[in-house]
Amino acid sequence: MTDAAPNTDDQTSPAKAGGKYSAESITVLEGLEAVRVRPAMYIGDTDVRGFHHLIWEVVDNSVDEALAGHASHVRVVLCEDGSVRVEDDGRGIPVGIHPEEGVPAVELVLTKLHAGGKFDDEAYKVSGGLHGVGVSCVNALSDWLEVDVHKDGEIHSMHFDRGVKRGDLEVTGKTQNTGTVIRFKADGEIFSTTTADWEIVEKRLRETAYLMGTRGLRIELQDERTGKEEVFEYPDGLRTFVSHINTNKNPLHGDVVHFSKTVPSTDDPSAEYEVELALQYTDAYQETVYTFVNNINTHGGGTHMAGLRAGLTRSLNTYAKNEKLIKENGQAPSGDDFREGLTAILSLKVPDPQFEGQTKDKLGNREAQGIVESVIAEQLGIYLEENAAVAKTVIRKAISAKEAREAARRARELV
């Protein structure tokens, strides 16, 4: 047996590259340093989307207070100096000394990854910011950040520069209110843009107000740069959201279908899922479906989207067969056919959501699919039984979509 031939590939090992690769070569990034070195790992990118993600992280914390029933007002101000201020009337971030870390809890939340009240079921039953890196990331990626906590009759203030505290938490005044005010200016050395876009912020806050409308949340947006102001308050919640989307469309039925149901988790009966759906069909050919988990827009869909599609198809198919709207041996419309012209908003409240990444684009909880499918199949089935005219209109549209699809396929085959 001959010895293996020496490797002649043009690949240079660390040693050959002119540097010794040893234990001393390993770099450990402490605290928020890792966020500043690799920001895209935490917020997606360092361009327009990533910059606005900083705003969402702070706003989501305030909305979570409303979701827990402790806040009714959130105010977002786009300041003249390029900073952003977010205020709420919630309980205020705790300011007491943390028993294990020996520092004020508010300092811990703003300077340590995976520190926050969202991991404690007693503090928040459901919330959007579950990774515990959100607001600390904002602090790390800001040129400066200041926080004022209104709590126990006092205003507690703290200031940070690029994630490092400038001084200890101090009492700066008296107050009769409760809540948290966070103001930050994104770091221009990290982001290619640090200018908040009014339309992007307005769209996101409007969506959130629709989702939280039935819980009595009022959101205000002010732009000190232009003087523009907007108030978002929608007591009818998702119904108004669907009507807004369908403003320039022709609905096939007058009422927006809406239902909400809370069911126990199949994995943990002590935890609960809340499934809320609003939908309306139009004469359009495309579907418009938005899904949200704990008020986070899940652009990438996920298991809840799969459950929505399956539940919708199942209930419409069942009704069509029971009412003999489909020929005995005829092929039923497909899921795509049933969703043609559909405008729907699915809002899911999940006790322990498993998102894909900190940017929370896609839901991964396996049990969510079965829960959503079951609730939608049941509740939509009840609605269809009670509203035969609407049901038949929707199914006729699906049958027309199926026939058009098959005609197009036959035409392609003839070419």
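The values are calculated or read from the model by the stated rules, or taken from the named source; none is laboratory data. What you are looking at is a predicted structure, and each value in this text was computed from that prediction instead of being measured. A quick note on method: Cβ atoms are made from the backbone with ideal geometry, for glycine too, and the neighbour counts reach across all protein chains shown.
When region 236-272 is filtered for residues that are assigned to a loop (DSSP other than H, G, I, E, B), closer than 25 Å to Gly216 by Cβ and touching a Pro at 6+ places or on another chain (Cβ under 9 Å), only Ala271 remains. Within this structure, Val84 fails the test of being closer than 16 Å to Asn294 by Cβ, among the aliphatic types (A, V, I, L, M) and either at pLDDT 95 or above or not assigned by TED's automatic domain parsing to the domain that holds Thr193 (or both).
Filtering region 51-72 for residues that are touching a Leu at 6+ places or on another chain (Cβ under 8 Å), among the small types (Gly, Ala, Ser) and surrounded by fewer than 22 Cβ atoms within 10 Å (Cβ to Cβ) leaves a non-empty set. Report, ordered by the first and then the second residue, all pairs with beta carbons closer than 8 Å, sequence separation of six or more or different chains, a first member in region 218-240 that is without any contact (Cβ under 8 Å) to a residue 24 or more places away in the chain, and a second member that is surrounded by fewer than 20 Cβ atoms within 10 Å (Cβ to Cβ) and assigned to a loop (DSSP other than H, G, I, E, B). That search, which allows pairs on different chains as well, returns Pro235/Gly216.
Tally up the residues in region 207-235 that are farther than 23 Å from Asn294 by Cβ, among the charged types (D, E, K, R) and in a strand (DSSP E or B), please. Give the derivation first.
Applying the first criterion (farther than 23 Å from Asn294 by Cβ) to region 207-235 yields 222-231.
Cutting the leftovers down to among the charged types (D, E, K, R) gives us 223-225, 228-230.
From the residues that got through so far, the ones that are in a strand (DSSP E or B) too are 223, 229-230.
Adding up the residues that qualify gives 3.
For region 318-331, taking the residues that are outside any loop (DSSP other than H, G, I, E, B) and out of contact with any Gly (no Cβ under 9 Å at 6 or more places or on another chain), the one that is surrounded by the most Cβ atoms within 10 Å (Cβ to Cβ) is identified as Ala320.
Taking Ser270 as the residue in question, decide whether it is surrounded by fewer than 17 Cβ atoms within 10 Å (Cβ to Cβ), outside the structural domain of Val109 (by TED's automatic domain parsing) and hydroxyl-bearing (Ser, Thr, Tyr). Against the criterion (surrounded by fewer than 17 Cβ atoms within 10 Å (Cβ to Cβ), outside the structural domain of Val109 (by TED's automatic domain parsing) and hydroxyl-bearing (Ser, Thr, Tyr)), Ser270 qualifies.
Within region 63-81, being modelled with pLDDT of 95 or more and not in a loop (DSSP other than H, G, I, E, B) holds for His73, Val74, Arg75, Val76, Val77, Leu78. Do any strands (runs of 3 or more DSSP E) lying entirely in region 131-204 carry at least 2 residues that are without any contact (Cβ under 8 Å) to a residue 24 or more places away in the chain and closer than 25 Å to His53 by Cβ, and which ones are they? Output list reads 154-161.
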